[in-house]
Amino acid sequence: MTQSAYWTLFRSDGQATLSNDAAAGKALKVDITNPGSVNYAVQVRQDGLNLESGGKYEVSFDAWAQTARPMMLKVGGGQDRGYAAYSGEQTIQLGTTKERRTVTFDMKVTTDAATRLEFNLGNAGTGPVWIDNVVVKRVGNAAGARPPAADGNLLYNAAFTQDSPNHPGIAGVPGTAYWSTWSNVPDRLTTSVSGGTVTLNVRDVDPANNWHVQLNQTDVPLTAGKSYTLTFKGRATDAREVAVVIGENGGSYARYLDKTAALSATEQPFTYTFTAAATNPAAQLQILGAVGTPGSSYGLSFRDFRLVQNP
């Protein structure tokens, strides 16, 4: 296609073609004939954007479709960054008339000179979509680090009792604001909260790695050279060893704390002290689920998370 320098059309199991639509002011026209099975099955992207850590960025563009439909926009890393979503995965509902759209986000991970801007158009029907006048620019500085909770805890909602529209938590699980879970096969993980305890029930274990199940909290502020102590209580349906990690959320995923917890059917307290290797206003706490034999199942329960900076 002419006049498409710097843009890439990626297709996994979807099918689409690109053209410049003269009738629409030479807007980029993405004609989708097979939507594929995932949102990135049809992906229009530009690589090589230089996003600096600590910046606030704005993405703006015109977009519309022949038939009203969703599109997922993402600004993030490539394979070397684990395809991290610096902007989050932003679902945008497109109408049938041209409309200016704007997304802003804070760049909270290390600088990435190979950032990707993605328009993900798969798994949402066939027909043409138009994109035009795309702008990505820095509009200021990222918001400062969040303060500790009222009791000094650097982890928010440690008692699993809060809901927040701005920090919605685990989908379908009340009381989990600021927390998230992840599984490489989502159907294998269910999560519940009762009496201040969060429980992750895992079925059909992935024997190859311990990150197939995760309990996470992001935006944890750390200062280089400072000492921190993490405590929590945990148990499992049977003896299981999980990883306990505090580190970079994206980038190289550097780990400032990288330990394990040997859980048993009896609840036990766990304590870890570490020194932050870097100043990071948006570090991440992760509990990484246990490995096991293929097809096995287990449950993990945790409560009373607390992370404090030591005197």
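The trypsin sites (Lys or Arg not before Pro) of the range 5-70 that meet both conditions, a loop assignment by DSSP and at most 16 other Cβ atoms within 10 Å of the site Cβ, are 26. For the chain, the share of accessible area belonging to carbon and sulfur comes to 48 percent (1.4 Å probe, ligands and nucleic acids excluded).
Per residue, how large is the accessible surface of the chain? Use a 1.4 angstrom probe and give square angstrom.
Ligands and nucleic acids excluded, the result is 46 Å² per residue.
Using the Karplus relation 6.51 cos²θ - 1.76 cosθ + 1.60 with θ = phi - 60°, the per-residue 3J(HN,Hα) values for the range 175-189 come to x, 10, 3, 6, 9, 9, 10, 8, 9, 5, 10, x, 5, 7, 10 Hz, with x marking Gly and Pro.
Step through the table entries 26/56; 98/137; 29/98; 74/137; 26/98; 56/108, compare each Cα-Cα distance with 19 Å, and write down the pairs that go over it.
Where the Cα-Cα span goes over 19 Å, the pairs concerned are 26/56; 98/137.
Remark: spin-label model distance residue 11-residue 37 equals 1.7 nm, labels positioned 7 Å along the Cα→Cβ axis. Once both labels are positioned 7 Å from their Cα atoms along Cα-to-Cβ, the gap between residue 18 and residue 304 label points is 5.6 nm.
The values are calculated or read from the model by the stated rules, or taken from the named source; none is laboratory data. All values derive from a computational prediction rather than experimental measurement. No Cβ is skipped: glycine too gets one built from the backbone with ideal geometry, and neighbour counts run over all protein chains shown. Keep in mind that these areas ignore ligands, DNA and RNA; they rest on the heavy atoms of the full protein, side chains included. Shrake-Rupley method; radii C 1.70, N 1.55, O 1.52, S 1.80 Å.
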